Amino acid sequence: MCILVVEAGISNPGQIEEITTPFKTFNLRGSKYDWAYKTTMIKRDDYEHIEKPNTRGTTIGGSSCVNYFTWILDPSRLSMIGRLLGHPLTEEIFSGEMEGLTHCVDTIYQGERQGSSLYLKNKPNVTILYGIQSKRLIIDPVTSVCSDVTVISNAYNTEINVYTSREVILSQGVFDAPKLLMLSGVGPATELAKDGIKPIAESPHVGQHLLDHPIVPFVLQIKDGFCLDDHILCPDTLNNSAIATYKRSKTGLIRSSLLELVGLPRIDERLEKYPVYRESKAANGRLDLFGPAGQPHFELDFVGMFSTAFQWHYPSPRRGTVTLNSANAQVLPNINLNFFGNERSQPCARVQTGFHPCGTARLSKNIHQCVVDPKLRVHGVRNLRIADASIIPVIPDCRIQNSMYMIGEKGADIIKSDNKYLYDAQSLVSS
Ligand SMILES: Cc1cc2nc3c(=O)[nH]c(=O)nc-3n(C[C@H](O)[C@H](O)[C@H](O)COP(=O)(O)OP(=O)(O)OC[C@H]3O[C@@H](n4cnc5c(N)ncnc54)[C@H](O)[C@@H]3O)c2cc1C
């Protein structure tokens, strides 16, 4: 089977030092490798807060090439610290309770970032068209079959149609996947009508149910010599030596993802002091609303440099949206994360995205509930699947890059099993 990948950004993230060098990751925000979406964080009658850039990678490998590397695994090394701080420790957070302190596993190998672009390495049946942006899916209004995609090249000031003999798989991420569906006539009727787009399939959940983890950074004063700033931020002897070590052997402090330690606490006793919490819990069958199955209430990210971060582990109570700003494909969509949408909550001006948005083309049974079915096929359209964070209906209790890899691998299995004859023929040829 031959695969054509259309990517708006660059094709060689593994050769770009800013992307591969771990400590340079914070410089990628707002760089030419960032889509830099403008995003509404809070929109209430009493308060509005808009922020830019909301980072997403514009390269093969997408946001896995600009993200903060961390997966959470293997807390055993921290058992002593955990005991000292009085926090329980879970030895295996993926199959049991996550509460406690844990050491992060990073997507760094031999001192360099490892992104999802590696999946395409040495794949002779994959062709990459890079620097090319999708404009519209061509869907037959009578048969609802998606057969082509119109794409734009800014460099050559041209647009062309690319044809598929089998199917189109949309992996443009949580903001651009719903945008392309709507530009192509698949979405809520009112949204399409607003921009004068001819409807192909009325799909009311496209661009709805945007979920994310809110995050609040805070700064701690640490004794001199206990922090990484001298080694990483300030241009002096320590910094020069860290750079020299990294250049020589890809080791040392510059190899750090900067986020090495994570705390995953529950604060039941503190919450119980508040009547509003007790009332909500009583109304929920005595089950805690934030972590009914024992999940952590939030996360503390210990960044050993300029600040540290506090992340909620439950989704924003009122869900956000991605809608069109224009029928022009080159205009970024309108994103509203809707943090503190619940009028009972107090808005916090410092709130930011935890960079785990999902849900805008969520998976479920039918078009009245969602956008894609369990085989990732878009309801109301044929020959079109989605495989990216937009399909996640319930935000995972942690980082989501590994969930994305699971969706990619599971999606590949589904496609292979739906096209069995192709693979059987291939194995006959190779044997
Ligand atoms: C700053 C940051 C830090 C993060 N930190 C972590 C972390 O520490 N751990 C973790 O697990 N997760 C982290 N994440 C989240 C994780 O990286 C993402 O959830 C994941 O990569 C999303 O994958 P995706 O396939 O849905 O979308 P993306 O990876 O964003 O891929 C979308 C792709 O589509 C391309 N595209 C978009 N529109 C078009 C178009 N019109 N035409 C052509 N191509 C297009 C983009 O260029 C991109 O290559 C972080 C994310 C960010 C941004």
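What is the diffusion coefficient of the stretch 331-380 in µm²/s, taking the Kirkwood radius over Cα pairs and the Stokes-Einstein relation at 25 °C with a viscosity of 0.890 mPa s?
Working: Rh = 13.6 Å.
Taking Rh from Cα pairs, D becomes 180 µm²/s.
Simple spin-label model, 7 Å along Cα-to-Cβ: ASN419 to SER326 in nm?
Roughly 3.6 nm, to one decimal.
Nearest 5 percent is fine: what portion of the DSSP beta bridges confined to the chain is antiparallel?
The antiparallel proportion sits near 75 percent.
For the stretch 148-193 and the stretch 1-45, what is the separation of their C-alpha centers, rounded to whole Å?
When both Cα centres are located, 19 Å separates them.
Across the Cα atoms of the stretch 308-419, what radius of gyration and what greatest pairwise Cα-Cα distance (Dmax) are found, in Å?
Cα radius of gyration and Dmax of the stretch 308-419 are 16.2, 52 Å respectively.
Tell me, in nm to one decimal, what length is gained between ILE160 and ARG44 on full extension, where the rule is 0.36 nm per residue of separation less the Cα-Cα distance?
On the way: separation 116, 0.36 × 116 = 41.76 nm, distance 4.22 nm.
Between ILE160 and ARG44, full extension yields 37.5 nm more.
How long is the gain from ASP195 to GLN15 if the chain were fully straight, where each residue apart is worth 0.36 nm and the alpha carbon distance is subtracted?
Working: separation 180, 0.36 × 180 = 64.80 nm, distance 4.02 nm.
So the extension gain works out to 60.8 nm.
Taking 8 Å as the Cα distance limit and 6 or more residues as the minimum spacing, I'd like the relative contact order of the chain as a percentage.
Relative contact order for the chain comes out at 19 percent.
May I ask you to derive the FRET efficiency for SER31 and ARG286 from their Cβ-Cβ distance with R0 = 51 Å, giving the value to the nearest 0.05? Spell out each step's value before the answer.
Numbers: r = 49 Å, r/R0 = 0.96.
Computed FRET efficiency for SER31 and ARG286 comes out at 0.55.
Would you compute, from DSSP H runs of 4+ residues alone, the mean residue ellipticity of the chain at 222 nm, taking -39500 (n - 2.57) per run and dividing by the full residue count, rounded to the nearest 500?
Values: 10 runs with 88 residues, N = 431.
After summing the helix terms and dividing by the residues of the chain, the value is -5500 deg cm²/dmol.
Taking only the C-alpha atoms, wrap a convex hull around the chain and report its volume per residue in Å³ as a whole number. Write out the running numbers ahead of the final one.
On the way: hull volume 79.5 nm³, N = 431.
Once divided by residue count, the hull of the chain is 185 Å³.
Contour minus end-to-end for LEU129 and GLU112, with contour as 0.36 nm per residue of separation and end-to-end as the Cα-Cα distance?
Values: separation 17, 0.36 × 17 = 6.12 nm, distance 2.51 nm.
Extra length from LEU129 to GLU112 when fully extended: 3.6 nm.
Obtain the nm distance between the two label points defined at VAL5 and SER364 by a simple spin-label model: each point lies 7 Å from its Cα along the Cα-to-C-beta direction.
Taking the simple label geometry, VAL5 and SER364 are separated by 3.2 nm.
Computed from the coordinates by the stated procedures, all read-outs in this text should not be read as laboratory data. Note that the coordinates shown come from a computational prediction; the quantities given were computed from them, not determined experimentally. Cβ coordinates were reconstructed from backbone atoms using ideal geometry, including for glycine residues, and neighbour counts include every protein chain displayed.
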